[in-house]
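For reference, the structure is listed below as C-alpha cells.
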Amino acid sequence: MAPAILWKKVPLREGRVPGQGERHVAVLGEAAAASLGKKLGDELELLGETFRVIGIANYTSIVNRGLVLVPLIDLQEASYRTRQVTMIHVNVERSGGPAELSHVRSSIEALGNVTASTTNEVLNNDRNFSILQAVSLAVFTHSPDDAMVLSVRLQELAVQSLLLCVQRARGAQADLSRRAGADLLCLQ
C-alpha cells in the first residue's frame with residue numbers, strides 16, 4: 001500500500017513522513033514543535049497515546065504551522081473511532097465548472113450515509129474557524145465589543161470541548177460494545 005497522497009505534500013523542514021505501515025509517529029508543524037518544546041526523536045502524548053516525532057513541517061499557513069499529523073489508523077484508535085472516517089478531501093479539477101462539481105457531489109452522496117461539502121461550506125459552518133476569526137478580530141481591533149464576542153466564542157469552545165469529551169466517551173462505549181458483541185445504552 002502506497003503512502004497517502006497528503007503525506008507526499010507535507011513540506012518538511014527536517015525529518016521525514018511516516019513510512020508504509022509505520023505506527024505511533026508524528027510530524028509536527030513548526031509552531032506546534034516550538035510551543036510543545038519537541039524536536040526529532042522526542043515523544044509526544046496525544047489523546048493518551050505516545051507518538052515519536054519523526055518530522056517537523058515547514059508550512060507557510062499560520063493554521064498549518066500548529067498541526068500535529070499522525071497516521072489515520074493511530075488517530076482512529078486513540079479517539080475510539082476505529083475504522084471510522086469523519087472527513088475526506090477530494091480534489092476536483094476546475095475545468096468542469098459548477099456543473100461538474102455538482103455531478104461529483106451527487107455521485108459521492110449517492111454512496112449513501114455520506115454528505116459532500118465544498119471547503120467554503122465546511123469553513124463557514126466550523127466553530128473552531130469562527131473562534132479563530134473572533135480571536136484575530138479581538139487581537140487586532142482591541143474594541144470592547146470584540147472582547148465580548150471573544151468571550152462568547154471562548155465559552156462556545158468550552159462547550160464544544162465538553163461535547164467532544166462526551167463524543168469520545170460514547171465512542172469508547174461503542175468500541176467496547178462491538179468487542180463484547182453486545183449493545184450498551186447511551187443516554188442522549
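A short reminder: the numbers here are calculations on the coordinates, not readings from a lab. A quick note: this is a predicted structure, and the numbers were derived from the prediction, not measured. Every residue, glycine among them, receives a Cβ derived from its backbone with ideal geometry; neighbour counts consider all protein chains shown.
Multiply the residue separation of R94 and L123 by 0.36 nm, subtract the distance between their alpha-carbon atoms, and state the gained length in nm to one decimal. Before the final figure, lay out the partial values.
Working: separation 29, 0.36 × 29 = 10.44 nm, distance 1.96 nm.
This chain segment gains 8.5 nm when fully extended.
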Could you list which residues have their amide H under 5 Å from that of L12, counting only those 5 or more apart in sequence or on another chain, with H placed in the peptide plane? N58
The residues E30, E43, sorted from fewest to most surrounding Cβ atoms within 10 Å, come out as E43, E30
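Quick one: V122, V104, fewest Cβ neighbours within 10 Å first, how do they rank? Spell out each step's value before the answer.
On the way: V122 12, V104 15.
Going from least to most buried by this count: V122, V104.
Taking the number of other C-beta atoms within 10 Å as the exposure measure, put K38, K8 in order starting with the fewest.
Details: K38 18, K8 9.
Fewest-to-most ranking of K38, K8: K8, K38.
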Along region 65-82, what does the Karplus equation 6.51 cos²θ - 1.76 cosθ + 1.60 (θ = phi - 60°) give for ³J(HN,Hα), rounded to whole Hz, x for Gly and Pro? 5, x, 6, 10, 9, 9, x, 3, 4, 5, 5, 4, 5, 5, 9, 6, 10, 3
